[in-house]
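The block underneath contains the structure these notes are about, expressed in structure tokens.
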Amino acid sequence: MSDLRKTNERTLPTDALVHQCINGDRDAMAQLYERCSGRVYALMVRIVGRQDADDAMQLAFLQIFRKLDRFGGNSSLETWIYRVATNEALQLLRRRKRDTADTFSLEPETNVSPSGLRLEDAEMLQTGLAAIEPQLRAILTLREVQELSYAEIAEVMDIPEGTVGSRLNRARRELRSELERLGWG
């Protein structure tokens with residue numbers, strides 16, 4: 001989560017920022033939120049869909065700030081934040097017990113999506129992602145979009161590193177199958 005590493009004139013070192021957030025410093029909390037909200041939102045869009053991403057992100061940050069005193073520094077703050085956010089997104093999906101196939105929507109503005117895909121292809125990709133199991137979608141997103149290593153994904157998802165590889169392969173197979181079913185060519 002390179003956004004956490006961005007600097008500005010008032011940027012605090014990570015340990016100081018965490019300490020101040022734990023002590024209720026609202027400026028520090030705002031700084032932490034500003035540093036990582038963009039990447040957390042992108043993760044939420046991929047896991048729960050654009051319609052629920054704002055709610056999921058709010059819930060994730062509530063948990064991040066509630067549990068920040070449990071951050072032990074055994075991993076990077078970025079990895080820890082991804083873990084809390086991913087868990088919150090998956091819990092939101094479980095609580096709502098909804099069919100994830102319709103949770104993704106794009107708001108068309110042009111014929112090309114931000115990723116450079118034609119809008120139709122981007123919509124098809126989102127539909128394909130929505131059709132795969134949420135945990136597989138999370139692992140695929142953490143690897144392909146957020147560019148986390150297998151070790152970081154293992155930590156975020158609380159699974160063995162070898163399991164990351166097998167689930168990532170399964171996610172790719174299922175996504176490929178869904179895209180073929182949708183006529184991706």
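According to a simple spin-label model (label point 7 Å from Cα along Cα-to-Cβ), what is the distance in nm between residue 55 and residue 121?
Between residue 121 and residue 55, the simple spin-label model gives 3.3 nm.
Regarding the stretch 121-185, what are the three Cα extents along the principal axes, ordered largest first, in Å?
Ordered largest first, the stretch 121-185 gives principal extents of 35, 18, 17 Å.
Kirkwood hydrodynamic radius, computed over distinct alpha-carbon pairs, for the stretch 46-98: how many Å, to one decimal?
That comes to 11.5 Å for the stretch 46-98.
Throughout, read-outs are computed from the coordinates displayed, never taken from laboratory work. Here the structure is a predicted model, which is why all the values come from computation and not from measurement. Counting neighbours? That spans all protein chains shown, and the Cβs are built from the backbone with ideal geometry, glycine included.
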